[in-house]
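Please treat every number below as a calculation from the coordinates, not as lab data. All of these numbers come straight from a predicted model, not from anything done at the bench. Note: ideal-geometry Cβ built from the backbone for every residue, glycine included; neighbour counts use all protein chains shown.
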Number of protein chains: 2
Amino acid sequence: MTARTAAKPSARVRLLEAADELFYNEGIQTVGIDRVIEHAGVAKASLYNTYGSKEQLVGAYLELRGSRVRDRINRVLESRATPRERLLGVFEAQSEALTSSGYHGCPFVRATAEAPEDSSISRIAHDHRAWLRGLLTGLATECGYADPGSLARQLHFLYDGAANAVRMDKDSGAGAAAREAAAVLLAAAPLTEPGGAARPAPGMAAQTP
Amino acid sequence: MTARTAAKPSARVRLLEAADELFYNEGIQTVGIDRVIEHAGVAKASLYNTYGSKEQLVGAYLELRGSRVRDRINRVLESRATPRERLLGVFEAQSEALTSSGYHGCPFVRATAEAPEDSSISRIAHDHRAWLRGLLTGLATECGYADPGSLARQLHFLYDGAANAVRMDKDSGAGAAAREAAAVLLAAAPLTEPGGAARPAPGMAAQTP
DNA sequence: CCGTCACTAGACAGATCTGTCTAGTGACTC
DNA sequence: GAGTCACTAGACAGATCTGTCTAGTGACGG
């Protein structure tokens, strides 16, 4: 419904674009409604007619960010053949985003830092993180790792750590460095033994069984 | 100067304690001055006489948090003999903090997320991060790793990722998991070859030389 | 006894924020 | 031509925030 065929974007779209730009670049609490409507070139009543409240606009902004990230990762994974290449492909997709100009850290981490513990922001962030965690765990399972959950968790640390380093240390090579570290973890993680003993992980092994 | 011998803490101390508790638990922007002075049991004029502004009180809060973290790490490292044990000791010190009740993520990450890009908050966070990065790099150098800077960077990803997972996923075992991942990276990283060829890293090796 | 010092209690100013409400405009359809 | 729909412009209310200012209190030292 409400399909716009013409060239001029609707107030809803312009508001979302303005919110995306301002909330991501400057933070959610520090950007007021007036800034958003001014940047969108839209009346204040349009915002409250379409989104209802600032909180719901913030929710729409985060959903947009999340879907972009998921699309980007899925797009990269389509061109990867093996599960191992796809696991590393997650980090390559992230590197694309991290090295693009204007990257200022994970929008979910930043929004959650500004929000109360149990807000709708936390819920959206949690859903997105669960999606990524599930993706990593599934791929690790396909690879035949003995403990795909633990491996996915460690890979997730690298993923988050790299995003954080770009924001806090202006370390633009963090994505590539995280990919290298991920490759090391993949090479070292123990596989399930089908018949005999697959290579049993250098370093320390075996959780308490 | 201004040493208080008696039992009742000064307004300065009570303010800092209240700021520490409220800013860390609820965020900086969302906690107003009135909440802080009420919680400290102190008059508003006392705050502005001692700290001058909210921003400076926030700075004092972050300095306090940072010094506590550094003290905790240094204390653990004193009981570790080898450089490798000390590197892992950093993660063990972090695990202590991460599993203590009331941990809500890295205060620097959260404060930076709320602050403009170039504020005093960012400066304090940057200094603390540089300290940790330097510590990791120095220990990696002592261990004899061929590229201590890269290894320290990857360990830092794990460190930040674990803290983030505790906050965003309520993953209370993240600290221990990060320590295990760190051990794997340590075992796999190439050492400098003194005479012949030291074990040359499984997985992929060698940056473009 | 008197001055100093650290502090309290709270009114106040000025700014800013979210959200509501009124009035009106332009395009499109029946 | 009339009605509907999406939208604009901006005043307004009510709350909240930082920071200032006045007036006063109690302890302590010389």
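Structure data summary
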{"quantity": "Inter-copy separations for A:H39, label at 7 Å along Cα-Cβ, nm, ascending", "calculated": "3.0"}
{"quantity": "J(HN,Hα) series, the stretch B:185-194, from Karplus relation 6.51 cos²θ - 1.76 cosθ + 1.60, nearest Hz, glycine and proline x", "calculated": "4, 4, 5, 8, 6, x, 8, 5, 7, x"}
{"quantity": "Zero-based 10 Å bins, Cα pair distances in the stretch A:8-85, whole percents", "calculated": "18, 44, 19, 13, 6, 0"}
{"quantity": "About the Cα centre, charge dipole magnitude for the stretch A:41-135 (Lys/Arg +1, Asp/Glu -1 at Cβ), debye", "calculated": "160"}
{"quantity": "Equivalent-ellipsoid semi-axes of the protein assembly as shown, from the Cα gyration tensor, Å, largest first", "calculated": "38, 32, 17"}
{"quantity": "Rg and Dmax [Cα atoms of the stretch B:63-188; Å; Rg one decimal, Dmax integer]", "calculated": "14.2, 42"}
{"quantity": "Note, ³J(HN,Hα) from phi for the stretch A:49-66, Karplus 6.51, -1.76, 1.60, rounded to Hz, x at Gly and Pro", "calculated": "6, 8, 10, x, 7, 4, 4, 6, 5, 4, x, 5, 4, 5, 4, 4, 4, x"}
{"quantity": "Nearest-ten-degree value, helix B:148-169 long axis tilted from longest Cα axis of chain B", "calculated": "50"}
{"quantity": "Nearest-20 debye value, the stretch B:63-188 charge dipole, Cβ charges on Lys, Arg, Asp, Glu", "calculated": "180"}
{"quantity": "Average beta carbon contacts from partner chains per residue of B:102-109, 10 Å cutoff", "calculated": "2"}
{"quantity": "Other copies of A:P194: label-to-label distances in nm, shortest first, labels 7 Å along the beta-carbon direction", "calculated": "4.3"}
{"quantity": "Residue-count net charge about B:L87 - beta-carbon cut-off 15 Å; Lys, Arg +1, Asp, Glu -1", "calculated": "0"}
{"quantity": "Gap separating the Cα centres of the stretch A:156-185 and the stretch B:34-112, nearest whole Å", "calculated": "24"}
{"quantity": "Chain lengthening between A:I33 and A:Y103 when straightened (0.36 nm per residue, less Cα-Cα)", "calculated": "22.9 nm"}
{"quantity": "For B:E55, label point 7 Å along C-beta direction: distances to other copies, nm", "calculated": "3.1"}
{"quantity": "Too-long pairs where the Cα-Cα distance tops 29 Å, listed order kept, from A:K44/B:K170; A:K170/B:K54; B:K8/B:K54; A:K170/B:K44", "calculated": "A:K44/B:K170; A:K170/B:K44"}
{"quantity": "Shape category assigned to the stretch A:10-52 from the gyration tensor of Cα positions, a/c cut at 1.5", "calculated": "prolate"}
{"quantity": "Exposure proxy ranking, count of Cβ atoms within 10 Å, fewest first, for A:L77, A:L47", "calculated": "A:L77, A:L47"}
{"quantity": "Viscosity 1.002 mPa s, temperature 20 °C, Stokes-Einstein D of the stretch B:1-135 from Kirkwood C-alpha radius, µm²/s", "calculated": "131"}
{"quantity": "Rounded tilt (10° steps) of A:120-143 against the dominant C-alpha axis of chain A", "calculated": "30"}
{"quantity": "Estimated dipole of the protein assembly as shown in Debye, rounded to 20 [Cβ of Lys and Arg +1, of Asp and Glu -1, Cα centre]", "calculated": "220"}
